Amino acid sequence: MLILTRKKGESIKIGDEIEIFITEIKGDKVRIGISAPEHMKITRTELYLTVENNKEAVDKVDLLKVFQLTKNLYASNQEEKEEQDED
């Protein structure tokens, strides 16, 4: 891990295509700007981890069970409609 100290207005280059700018410092918060090619994905770590966790959860879903539940709910709703129509 590389640790650098930067002041407001200074930047860091990563390779030829990425530059990270320090735009503002307020208390314990630092606002940064990132200049990178459009094809590069830039995501906050907490958002990245949420997406990854959701992918894992989706992989564990049994689609056949979901289909059966949906089918049962639809049938149940149809029966309720028919009963209401009879009243």
Going by what's in this entry, would L2 be described as loosely packed, with under 10 Cβ neighbours inside 10 Å, part of a helix (DSSP H, G or I), modelled with pLDDT of 90 or more and out of contact with any helix residue (DSSP H, G or I) (no Cβ under 6 Å at 6 or more places or on another chain)? no
Checked V66, V61 against criteria (within 20 Å of the chain's Cα centre (by Cα) and without any contact (Cβ under 8 Å) to a residue 12 or more places away in the chain); the one match is V61
Please verify whether segment 27-36 includes one or more residues that are surrounded by fewer than 10 Cβ atoms within 10 Å (Cβ to Cβ), closer than 30 Å to S11 by Cβ and among the hydroxyl-bearing types (S, T, Y). no
Test: K65 is of a type in the set (D, E, K, R), surrounded by 10 or more Cβ atoms within 10 Å (Cβ to Cβ) and part of a helix (DSSP H, G or I): no
E56 is checked against (1) of a type in the set (D, E, K, R); (2) in a helix (DSSP H, G or I); (3) over 27 Å from the mean Cα position of the chain (by Cα); (4) loosely packed, with under 10 Cβ neighbours inside 10 Å and fails just one. What number does that condition carry? (3)
K55 passes all but one of (1) basic (K, R); (2) at pLDDT 95 or above; (3) out of contact with any strand residue (DSSP E or B) (no Cβ under 9 Å at 6 or more places or on another chain); which number fails? (2)
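The values are calculated or read from the model by the stated rules, or taken from the named source; none is laboratory data. Remember, predicted model here, so these are calculated numbers, not experimental data. We place every Cβ from the backbone using ideal geometry, glycine too, and count neighbours over all the protein chains shown.
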